[in-house]
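Visitor: Here it is, the structure in full.
The values are calculated or read from the model by the stated rules, or taken from the named source; none is laboratory data. Worth saying up front: this structure is predicted, and the values here are computed from it rather than measured. All Cβ positions, glycine included, derive from the backbone under ideal geometry; neighbour counts span all protein chains shown.
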Amino acid sequence: MHKNVGPSLAGGRQLALLPTLLTLLAMLVAACGSSGGPSTSGQMAPPDKQDFRYSVSAIDDFGSLDPPLIQSATDAYAVQTIFTGLVQFKNDGTLVDQLAASHTVSSDGLTYSFTLKPGLKFSDGSPLTANDVAYSINRAISPATKSPVAGYLKLLKDFDKVNSGKMASAIGDSLIVKDDMHLDIVISKPAAYFLQTLTYPTSYVVNKKLIDKYGDKWTDHLNEGAGDGPFMVSSYNHTKGLDVVPNPNYYGTKPKLQKLQFLFSGDTDTTYKAYLSNQYDYAGVPSANLDEAKTRPDYHETPALVISYLSMNYLSKPFDDINVRKAFSLAIDKDLLVQSVLKGAQTPTNHYVPEGMLGYNKDLKGLDGTTSTKANVNMAKQLLQQSSYGSAAKLPPITFTYYTGSPTVKNVVTALAQQWQDTLGVQVKTSAVDFNKLISLENSTTGNSGPLQLWYLAWQADYPDPQDWLSVFFAKGGDYNQFNFGQNTGANASQQQAIQDQLAQADTTQDQNQRVQMYNDAEQKISDQAGWIPLYQNKAHTLINPKLHGFVDTPLGITAPDAWGDVYFTT
């Protein structure tokens, strides 16, 4: 699933993830329990004690609970308890059939044929058929839905025609319903990662009758049988949170929890303190409290497929100039940032594809031609002087935007601003907005010189493939290329466009080793363009109620639908 991470962190053959990748993910999952996992012994507590209070810190409401509108990790995590799609990842990263009982792929790699599980139902008991799957996917790519992440389905045959309104529907074209149990999906070109894109909420199945009845307000009525997941909505309060309870019509392993509460819990400091006073069963650990938390038996450290980074708008001065982008990047001492501000909680990085992912390139070079994550002060100063602006004094005003609710993020932003001041003599204005507002501003920056110039975010893997880290951000028309890489008037735009052509070729190359080599080469070229400013690869630091059996943080940031059946409180 897609995650802009906010304050809280394939004729007739089955497609499986590479053994190497599964090994990496298995190692990461194993590491999740190395700091003392939740309770694995003891009797199950009675039903009235099976209430999981999951804190959702530092947001006032979900950005959306409509699957094709999901853009944040927080929203995606909640939505995955309510809705499912044809395929899904298990907690260890293995791709499995979900609503589908089986699937096959044609010899040319273009037609995916799915057979659904028998007797599927929505949570209100009404039947779920192949027509519902086709409706949901078609709705996601239809222009009327205005999905900012419809591009996850751009491999569909005639996607562009449907998404632009030139074709009325993909049903009967790329979405072919054979009968209630059988559906074919036709794509425009073979792509090794296509099934992985179907794990993203854009292709989750929604209940058409609720949308027909309530229109854009249908997510206020999720309790009327919206989904087909392990849980169903019992209540949704836009200021307090979302309560879900077991779905009696779920086709898989039924949850033992009797209620799962997603509770809006305030900023990260407030949430941490509230956990300590037994108000929640799960909470993140602020960096300032890390040493204290590490002494607790309920503390967990999870390696995560997450990179925190800075985006620079290529259509906004001064970041239209590659030398300015490079100077801002090289002026940052990532080692110092992690040690002094983050208390060693994260790992400094120059990478765009994180360690633990297929396609991770340990030999990637930074902008100074080394693998160092320290500042290169002399080169940073020289590059600023070589820029079209010539000096710090001639730079236009710069606004650095970040999200509220996390003292840690605020401290990181403050430290970065100070480093630019000390090294380059550049003053930047910082601006804090709500996380959902920042995502909205980011969407509005696509193709424009504003509203954003420079901003802080983090990204967690939707699926374990380098395409989700490189093409999603840097390809032409990539859903998250809001910073206008390649689509700008800068002196290096043609070089960026050549990288985009390379990414498009890598996306559809069938030889996996060749794909990886192409992505590695493209990543190095993106790095040389100062595509982002990668800061650090994240680890999740959390406290989990020791009586909670079977619940773990995973590197992909998911809890698989059937995995909820293993989660319960002990006495």
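Visitor: Checking the condition over 28 Å from Val413 (Cα atoms), assigned by TED's automatic domain parsing to the domain that holds Val409 and either surrounded by 23 or more Cβ atoms within 10 Å (Cβ to Cβ) or in contact with an Asp or Glu (Cβ under 7 Å, 6 or more places away or on another chain) (or both), which residue from Asp501, Asp465, Asp434 passes? Walk me through it before giving the result.
Guide: Working: Asp501 fails: either surrounded by 23 or more Cβ atoms within 10 Å (Cβ to Cβ) or in contact with an Asp or Glu (Cβ under 7 Å, 6 or more places away or on another chain) (or both); Asp434 fails: over 28 Å from Val413 (Cα atoms).
Matching residue, one of Asp501, Asp465, Asp434: Asp465.
Visitor: Among residues belonging to segment 44-69 that are among the polar types (S, T, N, Q), at pLDDT 95 or above and in a loop (DSSP other than H, G, I, E, B), point out the one that is nearest to His541 (Cα to Cα).
Guide: Within segment 44-69, the subset among the polar types (S, T, N, Q) is 50, 55, 57, 64.
This time we only want the ones that are at pLDDT 95 or above, so: 50, 55, 64.
From the residues that got through so far, the ones that are in a loop (DSSP other than H, G, I, E, B) too are 50, 64.
Details: Gln50: 24, Ser64: 26 Å.
Checked segment 44-69; the qualifying residue nearest to His541 (Cα to Cα) is Gln50.
Visitor: I'm checking my understanding of the structure. Among residues of segment 450-462 that are surrounded by 22 or more Cβ atoms within 10 Å (Cβ to Cβ) and among the aromatic types (Phe, Trp, Tyr), which one is nearest to the chain's Cα centre (by Cα)?
Guide: Trp459
Visitor: Of all residues in segment 367-406, how many are surrounded by 16 or more Cβ atoms within 10 Å (Cβ to Cβ) and either in a helix (DSSP H, G or I) or of a type outside the set (S, T, N, Q) (or both)?
Guide: 16
Visitor: Still on this model: What number goes with the only condition from (1) closer than 29 Å to Val338 by Cα; (2) under 26 Å from the mean Cα position of the chain (by Cα); (3) surrounded by fewer than 17 Cβ atoms within 10 Å (Cβ to Cβ) that Thr253 does not pass?
Guide: In the conditions (1) closer than 29 Å to Val338 by Cα; (2) under 26 Å from the mean Cα position of the chain (by Cα); (3) surrounded by fewer than 17 Cβ atoms within 10 Å (Cβ to Cβ), Thr253 misses (1) alone.
Visitor: Among the residues of segment 91-112, is there at least one that is in the same structural domain as Gly215 (by TED's automatic domain parsing) and farther than 20 Å from Phe194 by Cα?
Guide: No.
Visitor: Look through Leu210, Leu263 and report the one residue that is modelled with pLDDT of 95 or more and touching a His at 6+ places or on another chain (Cβ under 7 Å). Even if it seems obvious, please write down each step before you answer.
Guide: Numbers: Leu263 fails: touching a His at 6+ places or on another chain (Cβ under 7 Å).
Of Leu210, Leu263, the one residue that is modelled with pLDDT of 95 or more and touching a His at 6+ places or on another chain (Cβ under 7 Å) is Leu210.
Visitor: Right, next: Could you grab me the full set of residues in segment 308-324 that are in contact with a helix residue (DSSP H, G or I) (Cβ under 6 Å, 6 or more places away or on another chain) and either among the charged types (D, E, K, R) or assigned to a strand (DSSP E or B) (or both)?
Guide: Hit for segment 308-324 is Met312, nothing else.
Visitor: Oh, and also: From the list Lys381, Lys374, Lys362, exactly one residue is in the same structural domain as Asn513 (by TED's automatic domain parsing) and within 27 Å of the chain's Cα centre (by Cα). Which is it?
Guide: Working: Lys381 fails: within 27 Å of the chain's Cα centre (by Cα); Lys374 fails: within 27 Å of the chain's Cα centre (by Cα).
Result of the check over Lys381, Lys374, Lys362: Lys362.
Visitor: I would also like to ask the following. Could you check, for segment 291-307, whether at least one of its residues is among the small types (Gly, Ala, Ser) and not in a helix (DSSP H, G or I)? It would help to see each step written out before you state the result.
Guide: Taking segment 291-307 first, the residues among the small types (Gly, Ala, Ser) are 293, 304.
Right, trim to not in a helix (DSSP H, G or I) and you get 304.
Yes, the conditions are met somewhere in segment 291-307.
Visitor: What do you reckon, is Ser329 within 30 Å of Tyr389 (Cα to Cα), within 25 Å of the chain's Cα centre (by Cα) and in a strand (DSSP E or B)?
Guide: Details: within 30 Å of Tyr389 (Cα to Cα): yes; within 25 Å of the chain's Cα centre (by Cα): yes; in a strand (DSSP E or B): no.
No.
Visitor: Follow-up. For segment 114-134, what are the residues that are surrounded by fewer than 21 Cβ atoms within 10 Å (Cβ to Cβ), in contact with a Gly (Cβ under 9 Å, 6 or more places away or on another chain) and polar (S, T, N, Q)?
Guide: Scanning segment 114-134 gives a single hit, Ser126.
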